[in-house]
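Novice: The structure follows.
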Amino acid sequence: MSKVVFENLTKVYSNGFKAVHGINLEIEDGEFLVVIGPSGCAKSTTLRMLAGLESITGGSISIGGKVVNGLPPKDRGIAMVFQNYALYPHMSVRENLGFGLKLAKVSKADIEKQVNEAAELLELTPLLDRLPRQLSGGQAQRVAVGRAIVKRPQVFLFDEPLSNLDAKLRASMRVRISDLHKTLKKTNRSATSVYVTHDQTEAMTMGDRICVMKDGHIMQVDTPANLYKYP
Ligand code: ADP
Ligand code: ADP
């Protein structure tokens, strides 16, 4: 149960600028939703409100049937993957993967189990003892995704995670993230994902549905096949 619902969600910044204009959206349990639109259309503001990193001005957000307005990020059952991988430079891959669980006081045995499982899923097992500076860009991004997976969140949030990678790596990471989503679903793990990008290829190849935003409004929400049916 990790459906995400926005009701009349609104954001007015403190300078008076209205960035999000009362949007309504239902993201189904297990769905991979891509949010696309030009720079400045409020993709990131919307994602940050869902994450609890930005206050909401009006309306509501619920996750798994529970209204999360005002809840801090750690109490929302979410995990976020950023474009700058935000890995801790002095910690090994293993420690980076397990750090969030350690903070949450998860037992050593469970941390090891969950870290090993995430490493397996992302083919990071041979890299567990490396430091971030000993990783390629693609490997570092896989660790960033792994850090989200070990938390076993209800909802994954992706903020342009591939925009720092070269074209070839982007292509392989698209497939990897899509496959991972399918694997998590098959094993009955919650996998509802909201993926923000300005890249049409990512939207078309990864999204179960695509939400098109413009100037703080939702213009369309539909499957890639329906959205791109007409030239
Ligand atoms: P607060 O957290 O106090 O509400 P804001 O996050 O609204 O502060 O930002 C403070 C100020 O920074 C705003 O009034 C705005 O002028 C400016 N600002 C920050 N980021 C942007 C941005 N991306 N576009 C325009 N103005 C911005
Ligand atoms: P996107 O992620 O689609 O590029 P953003 O959510 O970053 O768009 O920004 C949406 C709009 O809100 C933009 O016009 C931006 O300048 C404005 N904005 C973002 N942050 C602030 C802020 N702190 N204060 C005022 N305006 C902001």
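The values are calculated or read from the model by the stated rules, or taken from the named source; none is laboratory data. Bear in mind the structure is a predicted one, so any value in this text is a computation, not a measurement. Glycine also receives a Cβ, built like all others from the backbone with ideal geometry; neighbour counts cover every protein chain displayed.
Novice: Residues in segment 42-55: is at least one closer than 27 Å to L101 by Cα, away from ligand 2 (no atom under 16 Å from the Cβ) and surrounded by fewer than 19 Cβ atoms within 10 Å (Cβ to Cβ)?
Specialist: For segment 42-55, residues closer than 27 Å to L101 by Cα, away from ligand 2 (no atom under 16 Å from the Cβ) and surrounded by fewer than 19 Cβ atoms within 10 Å (Cβ to Cβ): absent.
Novice: Further, regarding this structure: When segment 169-203 is examined, which residues are found to be closer than 16 Å to M1 by Cα, out of contact with any Phe, Trp or Tyr (no Cβ under 6 Å at 6 or more places or on another chain) and surrounded by 12 or more Cβ atoms within 10 Å (Cβ to Cβ)?
Specialist: Passing the criteria: L184, K185, R189, S190, A191, T192, V194.
Novice: Name the pairs whose Cβ atoms lie under 6 Å apart, with the first residue in segment 199-225 and within 18 Å of E26 (Cβ to Cβ) and of a type in the set (S, T, N, Q), the second assigned to a loop (DSSP other than H, G, I, E, B) and away from ligand 1 (no atom under 16 Å from the Cβ), and 6 or more positions between them or separate chains?
Specialist: Pairs that qualify, where the first residue is within 18 Å of E26 (Cβ to Cβ) and of a type in the set (S, T, N, Q) and the partner is assigned to a loop (DSSP other than H, G, I, E, B) and away from ligand 1 (no atom under 16 Å from the Cβ): there are none.
Novice: Here is a further query. With the structure loaded, tell me whether N8 is within 16 Å of ligand 1 (Cβ to nearest atom), more than 27 Å from D179 (Cα to Cα) and over 16 Å from the mean Cα position of the chain (by Cα) or whether it fails that test.
Specialist: no
Novice: Quickly run through segment 192-215 and pick out the residues that are in contact with a His (Cβ under 9 Å, 6 or more places away or on another chain) and assigned to a helix (DSSP H, G or I).
Specialist: The answer is M206, and nothing else.
Novice: Contact list please: Cβ distance under 8 Å, first residue in segment 39-56 and within 20 Å of V81 (Cβ to Cβ), second residue hydrophobic (A, V, I, L, M, F, W, C) and near ligand 1 (Cβ under 10 Å from one of its atoms), pairs at least six apart or on different chains.
Specialist: A42/A19; T45/A19
Novice: Additional query: Mind listing whichever residues of segment 164-215 are β-branched (V, I, T) and more than 25 Å from I23 (Cβ to Cβ)?
Specialist: V175, T183, T187 - these are the residues of segment 164-215 that are β-branched (V, I, T) and more than 25 Å from I23 (Cβ to Cβ).
Novice: What's the total number of residues in segment 145-185 that are closer than 21 Å to I36 by Cβ and touching a residue at least 40 places away in the same chain (Cβ under 8 Å)?
Specialist: 16
Novice: Can you go through V93, V68, V81 and tell me which one is away from ligand 1 (no atom under 16 Å from the Cβ), surrounded by 22 or more Cβ atoms within 10 Å (Cβ to Cβ), within 13 Å of the chain's Cα centre (by Cα) and farther than 17 Å from M213 by Cβ?
Specialist: Exactly one of V93, V68, V81 is away from ligand 1 (no atom under 16 Å from the Cβ), surrounded by 22 or more Cβ atoms within 10 Å (Cβ to Cβ), within 13 Å of the chain's Cα centre (by Cα) and farther than 17 Å from M213 by Cβ, namely V81.
Novice: From R147, R189, R152, R170, grab the single residue that is under 17 Å from the mean Cα position of the chain (by Cα), assigned to a helix (DSSP H, G or I), under 23 Å from G100 (Cβ atoms) and not hydroxyl-bearing (S, T, Y).
Specialist: R147
Novice: Right, next: Confirm whether I23 is aliphatic (A, V, I, L, M), under 23 Å from H217 (Cβ atoms), more than 14 Å from ligand 1 (Cβ to nearest atom) and touching a Phe, Trp or Tyr at 6+ places or on another chain (Cβ under 9 Å). Steps first, answer last, please.
Specialist: Numbers: aliphatic (A, V, I, L, M): yes; under 23 Å from H217 (Cβ atoms): yes; more than 14 Å from ligand 1 (Cβ to nearest atom): yes; touching a Phe, Trp or Tyr at 6+ places or on another chain (Cβ under 9 Å): yes.
The answer is yes for I23.
Residue by residue, here is whether (1) of a type outside the set (F, W, Y); (2) under 30 Å from V5 (Cα atoms); (3) buried (at least 17 other Cβ atoms within 10 Å of the Cβ); (4) modelled with pLDDT under 95 holds:
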position	(1), (2), (3), (4)
V115	yes, no, yes, no
T125	yes, no, no, no
V150	yes, yes, yes, yes
A167	yes, no, no, yes
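Novice: Separate question: Taking the condition of being more than 12 Å from ligand 1 (Cβ to nearest atom), over 12 Å from V194 (Cβ atoms), of a type outside the set (G, A, S) and out of contact with any His (no Cβ under 8 Å at 6 or more places or on another chain), how many residues in segment 27-55 meet it?
Specialist: 2
Novice: Is at least one residue of segment 133-141 assigned to a helix (DSSP H, G or I), without any contact (Cβ under 8 Å) to a residue 12 or more places away in the chain and under 19 Å from T187 (Cα atoms)? Break it down stepwise before answering.
Specialist: Restricting attention to segment 133-141, the residues satisfying the condition of being assigned to a helix (DSSP H, G or I) are 133-134, 137-141.
Applying the additional criterion that residues be without any contact (Cβ under 8 Å) to a residue 12 or more places away in the chain yields 134.
From what is left, the residues that are under 19 Å from T187 (Cα atoms) are none.
No, that holds for no residue.
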